[in-house]
Amino acid sequence: MPNAPRLVILDRDGVINRDSDAYIKTLDEWIPYPSSIEAIARLSRAGWQVAIATNQSGIARGYYDETTLATMHAELERLVAAAGGEIAHIAYCPHGPDDGCNCRKPRPGLLEEIRTRLGLDSLEGSWIVGDSLRDLQAGESMGCRSVLVRTGKGSRTEANGSGLENAQIFNDLAAFADWLLSQA
């Protein structure tokens, strides 16, 4: 795919930061994996655009609001910038699972937002990195290459085994970044 965009789309919870079945509701609960921040910065410095597509149904459930989410994302962007990198765009779905929106993964709305925001004709050949099957399904529906990380819910997703036929599997985001950067 010679014209594939140099783009890596990341899920947030479980890929960049620790996940919680009780939701990440405050900045104090948002605990990034240090290796993920550095991995994003390394990808960015190597000429890859890094975007984030994250379901945030805790907003619809009333656990936190969009201002709190913006605070978490500002801290993420600050940490990545301090490491010498940049996040091209953060797309999030604030809806609940029964709201019928087009943006909640596995639907493709967040990825369409990223494609539009970055001025790309297609996401075909770019990478989607997630810890759940729905992350990979969203990316695959847009022609992305799939990566499952074992952090967050990734080991559980891997153990389930279904839907991973096209996915490459890495221990974490840093291991994927190491591999991707070694391909050049």
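The values are calculated or read from the model by the stated rules, or taken from the named source; none is laboratory data. Predicted, not measured: the structure shown is a model, and the values here were computed from it. Counting neighbours? That spans all protein chains shown, and the Cβs are built from the backbone with ideal geometry, glycine included. Just so you know, the surface numbers come from the protein's heavy atoms only, side chains and all, with ligands and any DNA or RNA stripped out. Shrake-Rupley method; radii C 1.70, N 1.55, O 1.52, S 1.80 Å.
The table below gives the values:
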{"item": "Test: residue in region 127-148 that is β-branched (Val, Ile, Thr) and free of Cβ contacts under 8 Å to residues at least 40 places away in the same chain", "result": "yes"}
{"item": "Positions within region 1-52 being among the basic types (Lys, Arg) and either over 17 Å from the mean Cα position of the chain (by Cα) or outside any loop (DSSP other than H, G, I, E, B) (or both), in sequence order", "result": "Lys25, Arg42, Arg45"}
{"item": "Filter result (in a loop (DSSP other than H, G, I, E, B) and among the hydrophobic types (A, V, I, L, M, F, W, C)) within region 119-133", "result": "Leu120, Leu123"}
{"item": "Among the residues listed as Ser155, Ser146, the single one being outside any helix (DSSP H, G or I), surrounded by 14 or more Cβ atoms within 10 Å (Cβ to Cβ) and either touching a strand residue (DSSP E or B) at 6+ places or on another chain (Cβ under 6 Å) or modelled with pLDDT of 95 or more (or both)", "result": "Ser146"}
{"item": "Boolean, Glu86 is assigned to a helix (DSSP H, G or I), over 24 Å from Tyr23 (Cβ atoms), in contact with a strand residue (DSSP E or B) (Cβ under 8 Å, 6 or more places away or on another chain) and charged (D, E, K, R)", "result": "no"}
{"item": "Filtered residues of region 39-70 (kept if open to solvent by 40 Å² or more (accessible area, probe 1.4 Å) and among the small types (Gly, Ala, Ser))", "result": "Ala46, Gly47, Ala60, Gly62, Ala70"}
{"item": "Counted residues, region 1-23 - those being open to solvent by less than 10 Å² (accessible area, probe 1.4 Å) and over 16 Å from Arg78 (Cβ atoms)", "result": "6"}
{"item": "Verdict on Ile59 being in contact with an Asp or Glu (Cβ under 8 Å, 6 or more places away or on another chain), under 15 Å from Ile114 (Cβ atoms) and not polar (S, T, N, Q)", "result": "no"}
{"item": "Subset of region 158-179 (residues that are in a helix (DSSP H, G or I) and touching a strand residue (DSSP E or B) at 6+ places or on another chain (Cβ under 7 Å))", "result": "Glu158, Leu173, Phe176, Trp179"}
{"item": "Of the criteria (1) buried (at least 17 other Cβ atoms within 10 Å of the Cβ); (2) assigned to a strand (DSSP E or B), which one Gln137 fails", "result": "(2)"}
